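Some notes on the structure that comes next.
The values are calculated or read from the model by the stated rules, or taken from the named source; none is laboratory data. Because the structure is predicted, anything quoted here is derived from the model rather than measured. Using ideal geometry, Cβ is built from the backbone for each residue, glycine included, and neighbour counts are taken over all protein chains shown.
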Amino acid sequence: MTPKIPVSTPSASGWRAKLQLYLRLIRLDRPIGIFLLLWPALWALWLAGAGHPPWRVVLIFILGVVLMRSAGCAINDFADRHLDGQVARTKERPLAAGLIQPWEALAVFGVLSFLAFLLVLLLDWTTVALSGVALALAVLYPFTKRYTQLPQLFLGAAFGWAVPMAYSAVAGQIPPVAWLLFAATVVWALIYDTQYAMVDREDDLKAGIQSSAILFGRYDRLIIGLLQLLFFGLMSLIGLLTQRGFWYFAGLGGAALLALHHQYLIRNRDPVGCFEAFLKNNYLGMLIFLGLLLDYAA
């Protein structure tokens, strides 16, 4: 069965009720997407800044992550407004339920994107230019579910684009190791978003939505395992190239143990277990960051 996600219906009237609907639209009550976008940005900021990124830049990126993830939810729900009603997990989203209009979702996306653009203007012009790619990826991703069986790759690119932006903002250049970290982030997104897609696989098949979970079929757990090996291989290589020490690899080891636990959670392909594995990727990203933090502080 699909995991039940509590949905609160606004009880207030007028602008307060509308505000609650907008907050549900951008899913501020479910911050997992913010964390999954934030951890690679923090990895990149700490690596690019050799453990001492400017706090002003860190704050800009944290706020930018919150704004762009929220904007991404709005444009995602606009793109999926005719599909979400056919999926048990998403049918009560405000747009799918008819509680707000499509133009409102577009307006929310526009306002949040504009605020994120104002933030990035505080950085160098190369980073500003890179932000245009980030916006294009955020808009493109929701529509890929109709045309490719690997929309998770586009999600990974959208979530990982903070990596070259962070290097540009802190180091003034994008070295090869930054692209390795970008590739690792794309692989990680393919892992956790496949786990997420396993929750909706039956509904997605009926609705005609494509996903990596459908593409991988009965080999899903095996392919996720191979992708996990690739991810940790890339992160280990990054650690060697940047001359990281004990604490970094300890954090990586803890994250690897957590990845094994994710395999246990998805062993029966039960939607509840798959959703739990997806959520716990937040702790995986956090362990890697804590390892970096301690390693540079040691």
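Brief remarks follow.
- Of all the residues in region 243-278, those that are over 14 Å from T194 (Cβ atoms) and part of a helix (DSSP H, G or I) number 18.
- Whichever residue in region 244-258 is of a type outside the set (K, R) and in contact (Cβ under 8 Å) with a residue 40 or more places away in the chain and, among such residues, is surrounded by the fewest Cβ atoms within 10 Å (Cβ to Cβ): F246
- Just one of the numbered conditions (1) modelled with pLDDT of 95 or more; (2) surrounded by fewer than 22 Cβ atoms within 10 Å (Cβ to Cβ) is not true of Q195: (2).
- Test: residue in region 36-59 that is buried (at least 19 other Cβ atoms within 10 Å of the Cβ), under 26 Å from R201 (Cβ atoms) and aliphatic (A, V, I, L, M): yes
- Those residues of region 113-144 which are of a type in the set (S, T, N, Q) and within 14 Å of M68 (Cβ to Cβ), in sequence order: S113, T127, S131
- Residues in region 124-155 that are under 23 Å from Y196 (Cα atoms) and not hydrophobic (A, V, I, L, M, F, W, C): Y141, P142, T144, K145, R146, Y147, T148, Q149, P151, Q152.
- Close Cβ contacts (under 7 Å, 6 or more residues apart or on different chains) running from residues in region 67-88 that are among the hydrophobic types (A, V, I, L, M, F, W, C) to residues that are modelled with pLDDT under 85 and in a loop (DSSP other than H, G, I, E, B) comprise L83/I209; A88/T2.
- Out of L67, L19, L63, sole residue that is modelled with pLDDT under 95 and within 26 Å of W103 (Cα to Cα): L19
- Within region 237-256, the set of residues being hydrophobic (A, V, I, L, M, F, W, C) and within 21 Å of the chain's Cα centre (by Cα) comprises I238, L252, A255, A256.
- Qualifying residue in region 200-219 (condition: at pLDDT 95 or above and surrounded by fewer than 18 Cβ atoms within 10 Å (Cβ to Cβ)): yes
- Checking A79, A41 one by one, the residue that is in contact with a helix residue (DSSP H, G or I) (Cβ under 6 Å, 6 or more places away or on another chain), of a type in the set (A, V, I, L, M, F, W, C), modelled with pLDDT under 95 and closer than 30 Å to A184 by Cα is A79 and no other.
- Within region 91-113, restricting attention to residues that are without any contact (Cβ under 8 Å) to a residue 60 or more places away in the chain and within 20 Å of the chain's Cα centre (by Cα), the residue that is surrounded by the fewest Cβ atoms within 10 Å (Cβ to Cβ) is G110.
- When L230, L226, L205, L222 are checked against the criterion of being under 30 Å from G51 (Cα atoms) and assigned to a helix (DSSP H, G or I), a single residue qualifies: L230.
- Of everything in region 29-81 that is assigned to a loop (DSSP other than H, G, I, E, B) and within 14 Å of the chain's Cα centre (by Cα), the residue that is farthest from L284 (Cα to Cα) is R30.
- Check on A129, within 25 Å of T90 (Cα to Cα) and of a type in the set (A, V, I, L, M): no
- L260 out of contact with any helix residue (DSSP H, G or I) (no Cβ under 8 Å at 6 or more places or on another chain), aliphatic (A, V, I, L, M) and closer than 20 Å to W39 by Cβ: yes
- Sole residue being surrounded by 18 or more Cβ atoms within 10 Å (Cβ to Cβ), within 16 Å of the chain's Cα centre (by Cα) and modelled with pLDDT of 95 or more, chosen from L181, L234: L181
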